[in-house]
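Structure provided below as structure tokens; questions to follow.
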Amino acid sequence: MAIGLGIDTGGTYTDAALVDLDCKKILAKGKALTDRRDLCSSIVSSVKAVGKAVLDAEFVALSTTLATNAIVEGEGAVVRLIAIGNRSEIEALVPPGEVSFIEGGHKIDGSRLADLDERGLIRTANCISGQVEAVAISSYLSVRNPEHELRAKSLIHELTRLPIVCGHELTTKLGYKERTATALLNARLIPLSVNLFSDVKKALNEMGIAVPILVVKSDGTLVDIDEAMTRPVQTILSGPAAGIAGALHLAGVDSGIVVDMGGTTMDMSLIVGGSPRMNKEGAVVGGWRTRVESVNVSTIGLGGDSYIWSDTNRSVHIGPKRVLPLACLSADHSSIVPKLRDLLSDSEIKPFLGEPQDFIYKRASTGEGALDRRERDIVGALKAGPLMLCEMFNGDRESWRATRLALQKLERMGLVGRAGLTPTDILNSNEQASLWDSRASVLGVSIMARYLKTEREEFEKKILRNLKEDIACEVVRKQVKECILDRDMELCGACEKLIDAVCRPKDKGMVQLLVRSDLPLVGIGAPIEAYLPGVANLLESAYLIPAHADVASAMGAVLANVVETANLLIENASDGGFNVYSPWGKYYFKTLEQAKDFAVELGEKRVAERAIKSGASHVKITKNIYDKEVFQGGENSTFLYTLVRITATGPPCFLNSPN
């Protein structure tokens with residue numbers, strides 16, 4: 001019997017599932033709260049909850065939403081982007097202080113657009129040394145010739161010793177802006193991923209689990225954990241990709257709409273015929289269009305820990321920001337409930353730079369050396385324990401504004417965190433759940449309801465109703481984009497109003513719109529049971545919440561294979577020969593056959609090497625050669641290009657056979 005251990009590290013919970021791979025059944029499972037300050041302890045707790053049988057595991061597969069959550073929440077390392085050539089496409093992508101523009105780049109045929117400004121690179125290296133945590137390098141048309149990215153990487157690394165990622169290492173597709181965004185996100189995620197994956201290794205070693213460790217990528221395939229550290233952007237949809245596989249298997253269906261609700265985000269996928277649709281153009285996460293090939297998942301900042309907040313008009317909103325539930329903060333700090341009681345007893349409740357019941361608490365201890373005096377004072381004050389916002393602001397309006405900016409910076413750096421009202425607190429307050437310290441949840445709900453001039457029970461109903469309607473809107477929006485429109489088309493205002501009319505039914509009006517879906521809703525994730533039945537009722541749809549839905553991503557992680565792919569492009573050269581553009585460089589041949597033979601040989605060799613390095617055994621190579629010609633009548637045609645796609649596939653290296 002082959003046994004795999006799946007681990008899913010999410011923003012709220014860390015799950016573990018021990019799976020019999022022969023019959024694909026869960027043998028045991030465990031769950032623990034995710035402590036972002038100590039991921040190692042979260043992993044140990046979830047794996048220990050599985051029991052001693054984890055020692056029988058022959059490999060570990062990890063899925064995670066931490067990269068997705070970091071992008072959605074705007075977190076990540078301090079990085080510098082080095083953009084080489086074609087400045088205009090990149091200027092709007094990042095703030096001026098975070099990018100250095102360098103002369104260089106290439107033309108569409110791989111020839112130089114301009115010589116590389118190495119002096120500019122040296123000045124940049126001297127400027128950023130000790131100021132940033134990683135570097136992203138993106139050169140114009142580097143997918144046609146990566147020489148400037150490779151030279152820049154070598155030079156910057158020699159002078160700074162910082163981790164560096166290049167655009168051509170992550171994608172072979174055209175699209176300078178998208179490729180740059182992919183490299184930039186990758187650089188921001190490197191320190192986070194190194195911490196996470198190092199914690200996974202440490203946790204498993206401490207438990208005596210010395211087996212291969214692989215990570216689920218955004219396309220649902222596996223990669224060795226050490227490789228994942230260098231290309232963490234490829235894991236931005238790791239959790240959802242694993243969740244799809246786990247959901248379909250556990251539900252016993254081959255088609256449906258998978259709704260995966262976690263603490264920070266909700267991920268939605270349309271599955272028909274057993275396979276998820278793939279986003280070949282690149283995943284879009286947190287408003288960033290990347291070139292990361294992925295399962296076609298819609299990720300929304302809506303989960304159990306979504307921030308419930310009100311605007312200046314006292315209209316209530318949910319998400320996309322994640323905060324720590326008040327109940328969770330109170331479980332670790334006995335001062336929370338008394339402070340909330342005092343606030344509730346005040347004759348008048350006023351919000352201070354946020355909701356009146358918000359708390360700020362200290363998180364990490366690193367990176368405090370780069371703070372100014374105000375920021376250091378805030379961090380110092382929090383060492384004695386969490387503070388309510390109203391406790392932190394005693395001064396004029398200008399002082400409050402400066403403090404708000406300081407808090408935003410400290411939150412972005414991960415030095416402090418915010419606790420506030422969340423859907424989890426709502427479920428605690430109306431007794432649908434009992435997590436951590438429910439007293440804090442009840443008080444927090446009461447405070448906000450009073451501020452909004454409504455009854456607590458009515459406020460609870462409103463939030464839960466809004467959540468179900470928000471989810472229903474996303475389900476309908478997903479189906480419209482996937483089944484009716486081109487998936488890359490944006491919905492027009494009229495479409496949005498129709499969707500809103502369907503999912504947010506009003507008592508008034510002469511027209512009632514109904515939507516009925518033939519596809520069942522398949523729900524997974526810890527909070528999903530509280531919401532999916534109501535969503536299905538709104539949409540008159542069938543729904544399934546399978547057994548073990550709370551660890552579906554952990555199970556799905558161990559069901560995947562290792563897959564590595566490379567695309568090599570062959571085009572006409574100016575002198576009548578042929579250029580081969582590859583991730584490893586540009587090459588020239590006199591004949592098309594020579595170019596094809598070389599492309600296949602090089603691709604097979606490099607992809608097989610990468611698959612083995614990524615943790616595969618029994619690697620199987622497949623090649624696809626696509627010739628593109630334009631026919632001009634009769635038998636005459638003009639050669640445009642040839643695409644050589646090489647794929648290496650293999651099971652995790654612990655297995656003795658491909659099956």
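Quick check, is residue 544 crowded, with 21+ Cβ neighbours inside 10 Å, at pLDDT 90 or above and in contact with a helix residue (DSSP H, G or I) (Cβ under 9 Å, 6 or more places away or on another chain)?
no
Let me ask another. Please specify each residue of segment 119-154 satisfying the condition of being of a type in the set (S, T, N, Q), over 15 Å from residue 165 (Cα atoms) and touching a His at 6+ places or on another chain (Cβ under 9 Å).
Within segment 119-154, just 145 meets the criteria.
Which condition from (1) part of a loop (DSSP other than H, G, I, E, B); (2) closer than 30 Å to residue 587 by Cα; (3) of a type in the set (A, V, I, L, M, F, W, C) is the one that residue 101 breaks?
Here residue 101 clears every test but (1).
Also: For segment 620-647, name all the residues that are of a type in the set (A, V, I, L, M, F, W, C) and either in contact with a Pro (Cβ under 8 Å, 6 or more places away or on another chain) or at pLDDT 90 or above (or both).
Matches in segment 620-647: 621, 625, 643, 644, 646.
Another question, then. Run residue 132 past the list (1) part of a helix (DSSP H, G or I); (2) at pLDDT 85 or above and report the number of the one that doesn't hold.
With respect to (1) part of a helix (DSSP H, G or I); (2) at pLDDT 85 or above, residue 132 is out only on (1).
Just checking, which of 516, 456, 477, 465 is closer than 29 Å to residue 549 by Cβ, modelled with pLDDT of 90 or more and of a type outside the set (A, V, I, L, M, F, W, C)?
Just a single option satisfies the conditions, and that option is 465.
Any chance segment 249-266 includes a residue that's on the phi > 0 side of the Ramachandran plot and at pLDDT 85 or above?
Yes; the residues of segment 249-266 include at least one that is on the phi > 0 side of the Ramachandran plot and at pLDDT 85 or above.
Still on this structure: Are there any strands (runs of 3 or more DSSP E) wholly within segment 205-306 with 1 or more residues that are of a type outside the set (Phe, Trp, Tyr) and farther than 27 Å from residue 57 by Cβ, and if so which?
Ranges flagged: 256-261, 266-272, 297-300.
Name the residue that is nearest to residue 348 (Cα to Cα), counting only residues in segment 446-462 that are of a type outside the set (A, V, I, L, M) and outside any helix (DSSP H, G or I).
Among those that are of a type outside the set (A, V, I, L, M) and outside any helix (DSSP H, G or I), it is 453.
Provide a single number: the residues in segment 227-270 that are more than 16 Å from residue 15 (Cβ to Cβ) and touching a residue at least 24 places away in the same chain (Cβ under 8 Å).
Total meeting the criteria: 24.
So that you can scan it fast, the table gives a plain yes or no per residue for (1) in contact with a Cys (Cβ under 8 Å, 6 or more places away or on another chain); (2) under 27 Å from residue 228 (Cβ atoms); (3) assigned by TED's automatic domain parsing to the domain that holds residue 584; (4) touching a residue at least 24 places away in the same chain (Cβ under 8 Å):
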{"position": "102", "(1), (2), (3), (4)": "no, no, no, yes"}
{"position": "107", "(1), (2), (3), (4)": "no, no, no, yes"}
{"position": "111", "(1), (2), (3), (4)": "no, no, no, yes"}
{"position": "127", "(1), (2), (3), (4)": "no, no, no, yes"}
{"position": "145", "(1), (2), (3), (4)": "no, no, no, yes"}
{"position": "154", "(1), (2), (3), (4)": "no, yes, no, no"}
{"position": "165", "(1), (2), (3), (4)": "no, yes, no, yes"}
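Any idea which of (1) over 28 Å from the mean Cα position of the chain (by Cα); (2) surrounded by 16 or more Cβ atoms within 10 Å (Cβ to Cβ); (3) modelled with pLDDT under 85; (4) not acidic (Asp, Glu) is the one residue 369 doesn't satisfy?
So residue 369 meets the others, but not (2).
Looking at segment 602-619, which of the residues that are modelled with pLDDT of 90 or more and surrounded by fewer than 17 Cβ atoms within 10 Å (Cβ to Cβ) is farthest from residue 642 (Cα to Cα)?
If we take residues in segment 602-619 being modelled with pLDDT of 90 or more and surrounded by fewer than 17 Cβ atoms within 10 Å (Cβ to Cβ), then 609 is farthest from residue 642 (Cα to Cα).
If residue 252 satisfies all but one of (1) surrounded by fewer than 24 Cβ atoms within 10 Å (Cβ to Cβ); (2) touching a strand residue (DSSP E or B) at 6+ places or on another chain (Cβ under 8 Å), what's the number of the condition it fails?
All conditions pass for residue 252, except number (2).
The values are calculated or read from the model by the stated rules, or taken from the named source; none is laboratory data. Only a predicted model underlies this, so the values are computations on that prediction, with no experimental measurement involved. With ideal geometry, Cβ positions are generated from the backbone for all residues, glycine too; neighbour counts draw on all protein chains shown.
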